Amino acid sequence: MPQLKKALHMRTLVSASAGIALASSDFPALIKAASQVGGWAIVFVIIGAGLVTGLVALSFAELAGMYPTAAGVRVYTKKAFGDTPSLTITIFYVFFSIIIASAETYIFSAVLHALSPALSARLWVLIFLIVAIVMNILGVEIAGALQDILTYVMFAGIIGLSVYAIFSSRFSVASVPFAPSGIGGFGTAVATAIFVYTGFEWTTPLAEEVASGKSVLSYSLPISVGLLTVTFALFAYATMGILPLSQAVHSPIPHLIFGQTLAGKTGLYIMAGISFLATMTSFNAGVMGNSRLLYALAREGSFPKFMSKLHPKYFTPWIALLIVFSIIAVFSVTIAYHPKAFLVPILVAASIETLMYAIISFSVISLRYREKDTARIFRVKGGIIVPLFTGLVFLLLTVGILASSSKYVALLFVSGFILSYLYAKYVVPRLEH
Amino acid sequence: MVALETLINTLNTFVKKVNENMTLKKILKGWSKLMVVKTKDPETVATLKIEKGSVVDVKLEDTPNADITLSANADVINDIFTGKANPSRLYLDGTLKVFASQKDQMVLDSIVDIVWK
């Protein structure tokens with residue numbers, strides 16, 4: 001008799017959510033946010049970003065409890081706004097995931113290049129992607145218990161090293177200003193810092209694996225946001241007291257510089273190890289989830305049918321995976337040829353993510369009226385005040401990132417959105433017929 | 001509304017089709033699961049015991065913590081198991097709820113795809 005499956009525990013759900021969010025690209029994003037606020041007010045920036053992300057986590061919790069599905073964004077927005085807007089948003093979300101994966105690929109390749117400079121970052125990009133694609137086609141996934149251990153080791157490593165740094169003789173924030181860029185810089189920095197939470201919501205598909213005790217999933221999301229906030233606030237504060245911002249802001253690997261400055265080669269290797277775990281726990285989950293979403297959209301008829309081919313042995317959507325990986329390869333190799341532009345994909349992803357969070361908040365409001373009789377395991381208290389406030393804040397943050405970043409960020413954002421809309425409006429109806 | 005008898009007949013026909021399909025037998029040879037199908041209107045529940053890709057037992061009873069749980073209205077489940085409806089579309093609609101690991105969802109989807117090809 002097959003073994004009965006056990007319901008997922010809170011510990012596993014928190015580790016999955018926080019583990020997906022913690023990626024190697026979070027470190028340069030964090031330092032970019034620190035440079036935008038200009039001082040150790042970065043700690044309050046992260047707390048601010050954590051608070052608003054915590055509010056959107058409540059919206060995700062309500063929606064995941066209503067519709068436990070791997071295709072979360074597609075279902076929520078279709079129910080809330082109708083088919084074409086939903087498809088536009090979903091395709092834009094796929095574009096966003098590819099941008100993040102490209103940034104992560106480049107940053108982790110830069111880590112490998114720092115450890116082994118004989119091979120260029122470009123070559124490391126290709127090696128990393130080949131290994132990742134083989135793993136994905138074989139369907140290799142980190143098992144729940146191992147994922148738990150790796151994630152908590154990673155968080156303990158960052159928190160431990162940060163506390164060690166804060167109590168070390170090298171640490172000094174006496175000469176570091178508080179927030180020289182003022183309130184404007186603070187707002188932009190909060191928007192950029194949202195990037196470090198990216199992906200925490202990707203555990204909503206696990207609602208499908210939590211057939212019993214579903215409310216556990218709803219409460220795990222704000223807890224993982226809290227864990228990320230504490231970890232990043234400590235790390236940012238430690239970095240401000242150990243490194244001059246000017247030394248870290250132009251590097252794709254500020255966490256390695258931090259480790260090396262703090263503890264020499266040992267610190268370098270510890271941070272490289274943490275980076276490896278961070279990429280492992282986030283990249284695969286992102287790419288795998290993304291390719292499965294593409295597969296489901298192809299099965300639905302919104303993408304060409306050939307993209308719904310499954311590998312006959314491993315049951316992985318290998319055509320969708322190859323397409324996703326090809327686009328990631330183009331983006332990440334392009335970054336590797338223009339290393340100074342490594343922040344562009346991070347800022348594009350941050351702007352799309354803030355927009356998505358606004359849309360999710362507005363979805364909650366819409367569904368309160370459209371689907372008022374649908375059962376909710378969890379309900380955000382206070383009527384529509386919290387989702388309305390959260391949606392408006394995230395819309396402002398999206399505008400803030402686009403207005404304060406280079407023109408390439410706005411160009412990629414706008415072109416990605418327009419192409420998604422045109423595809424949903426004109427291509428999908430033809431495919432369906 | 002689909003009658004309970006129709007639903008049971010549909011399920012049995014589908015099970016027969018799965019068990020007779022040689023392609024499925026070949027690709028699912030290592031796949032052993034407990035699957036629960038729950039419907040509303042009328043409320044029914046069935047547990048399918050799958051061993052090495054063949055459905056070896058169907059019981060009209062619930063199994064807590066099964067590997068896979070499908071849940072939808074009876075007419076939706078009936079349309080899926082008779083090949084009239086695209087389960088992916090219903091799933092993306094939120095009409096069909098599937099509680100299972102990601103891999104098992106893919107396997108289920110390919111079973112439906114192969115049976116109704």
(request) Compute the acute angle (0 to 90°) between the alpha-carbon long axis of helix A:83-115 and the principal axis of greatest extent of the alpha-carbon atoms of chain A; round to the nearest 10°. (result) 30
(request) Putting +1 on Lys and Arg Cβ atoms and -1 on Asp and Glu Cβ atoms, find which of A:Phe155, B:Pro64, A:His311 reaches farthest to the positive end of the dipole of the protein assembly as shown. (result) A:His311
(message) Please list, short to long, the whole-number percent of alpha-carbon pairs of chain B in consecutive 10 angstrom bins beginning at zero.
(response) 14, 51, 33, 2
(request) Return the aspartates and glutamates within reach of A:Lys425: Cα separation strictly under 20 angstrom, same-chain partners fewer than 8 residues apart disregarded; answer none if there are no such residues. (result) A:Asp83, A:Glu300, B:Asp93
(request) Determine the alpha carbon to alpha carbon distance for each of A:Lys79/A:Lys407; A:Lys78/A:Lys313; A:Lys79/B:Lys59; A:Lys309/B:Lys40; A:Lys305/A:Lys372; A:Lys309/B:Lys117 and list only those over 25 Å. (result) A:Lys79/A:Lys407; A:Lys78/A:Lys313; A:Lys79/B:Lys59; A:Lys309/B:Lys40; A:Lys305/A:Lys372
(request) Place +1 on the Cβ of every Lys and Arg and -1 on the Cβ of every Asp and Glu in chain B, take the dipole about the Cα centre, and give the residue among B:Asn9, B:Thr95, B:Val112 whose Cα lies farthest towards its positive end. (result) B:Val112
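Would you order A:Ser363, A:Ser326, A:Ser25 from fewest to most other beta-carbon atoms within 10 Å of each residue's own beta-carbon? Spell out each step's value before the answer.
Values: A:Ser363 27, A:Ser326 12, A:Ser25 30.
By the 10 Å Cβ count, ascending, the order reads A:Ser326, A:Ser363, A:Ser25.
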(message) Could you derive backbone 3J(HN,Hα) for the range A:181-192 from the dihedral phi with the Karplus parameters 6.51, -1.76 and 1.60 (θ = phi - 60°), listing whole Hz in sequence and x where the residue is Gly or Pro?
(response) 7, x, 5, x, x, 4, x, 4, 5, 4, 4, 5
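Which semi-axes, in whole Å and largest first, does the equivalent ellipsoid of the range A:154-304 have when worked out from the alpha carbon gyration tensor as the square roots of 5 times its eigenvalues? Walk me through the numbers before you get to the answer.
Details: eigenvalues 243, 65, 58 Å².
For the range A:154-304, the ellipsoid semi-axes come out as 35, 18, 17 Å.
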(message) Under 5 Å between amide hydrogens, which residues at least 5 positions from B:Thr44 or on another chain qualify, with H placed 1.01 Å from N in the peptide plane?
(response) B:Thr39
(request) Towards the positive end of the charge dipole of chain A, with charges on Cβ (+1 Lys, Arg; -1 Asp, Glu), say which of A:Phe81, A:Val94, A:Val428 has the farthest Cα. (result) A:Val428
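Helix-only mean residue ellipticity at 222 nm, chain A, DSSP H runs n ≥ 4 weighted -39,500 (n - 2.57), per residue, nearest 500. What is it? Walk me through the intermediate numbers first.
Numbers: 16 runs with 313 residues, N = 433.
Rounded to the nearest 500, the figure is -25000 deg cm²/dmol.
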(message) With +1 assigned to the C-beta of every Lys and Arg and -1 to the C-beta of every Asp and Glu, and no other charges, what is the dipole magnitude of chain A about the Cα centre in debye, to the nearest 20?
(response) 420
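Please report the relative contact order for the range A:10-432, taking Cα pairs under 8 Å with a sequence separation of at least 6, and give it as a percent rounded to a whole number.
On the way: 674 pairs, mean separation 145.2, N = 423.
Relative CO of the range A:10-432 lands at 34 percent.
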(message) With θ taken as phi - 60° and the coefficients 6.51, -1.76 and 1.60, list the Karplus ³J(HN,Hα) couplings across the range A:129-139 in order, rounded to whole Hz; mark glycine and proline as x.
(response) 5, 5, 4, 5, 5, 5, 4, 5, 5, 6, x
(message) Amide H of B:Asn73 versus every other amide H placed in the peptide plane: which residues, excluding those fewer than 5 positions away on the same chain, fall under 5 Å?
(response) B:Lys40
(request) Using the number of other C-beta atoms within 10 angstrom as an exposure proxy, rank B:Tyr91, A:Tyr421, A:Tyr295 with the fewest first. (result) A:Tyr421, A:Tyr295, B:Tyr91
(message) Using the basic label-point model (7 angstrom from Cα toward the beta carbon), what is the A:Ala375 to B:Asn65 distance in nanometres?
(response) 2.1
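Note down the magnitude of the dipole of chain B about its Cα centre, charges +1 on Lys and Arg C-beta and -1 on Asp and Glu C-beta and zero elsewhere, to the nearest 20 debye. Mind showing how you got there, number by number?
Values: 16 positive and 15 negative charges, 108 e Å.
Roughly 520 debye for chain B.
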(message) Test of understanding: what is the full-extension gain from B:Asp57 to B:Asn19, defined as 0.36 nm times their sequence separation minus their Cα-Cα distance?
(response) 12.5 nm
(request) Read phi for every residue in the range B:22-39 and hand back ³J(HN,Hα) as whole Hz from Karplus 6.51 cos²θ - 1.76 cosθ + 1.60, θ = phi - 60°, with x for Gly and Pro. (result) 6, 4, 5, 4, 6, 7, 9, 4, x, 9, 10, 9, 10, 10, 10, 10, 10, 10
(request) Alpha carbons only, please: Rg and Dmax for the range A:32-98, in angstrom. (result) 16.0, 45
(message) Once R0 is set to 56 Å, what does the formula 1/(1 + (r/R0)^6) return for the Cβ-Cβ distance between A:Leu138 and A:Ser172, expressed as a FRET efficiency to the nearest 0.05?
(response) 0.70
(message) Over the Cα atoms of chain A, what radius of gyration and what Dmax do you get, in Å?
(response) 20.8, 69
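Just so you know, all these numbers are worked out from the coordinates, no wet-lab data involved. As the structure is a computational prediction, the values presented were derived from the model and not from experiment. Here Cβ is always computed from backbone atoms with ideal geometry, including for glycine, and neighbour counts include all displayed protein chains.
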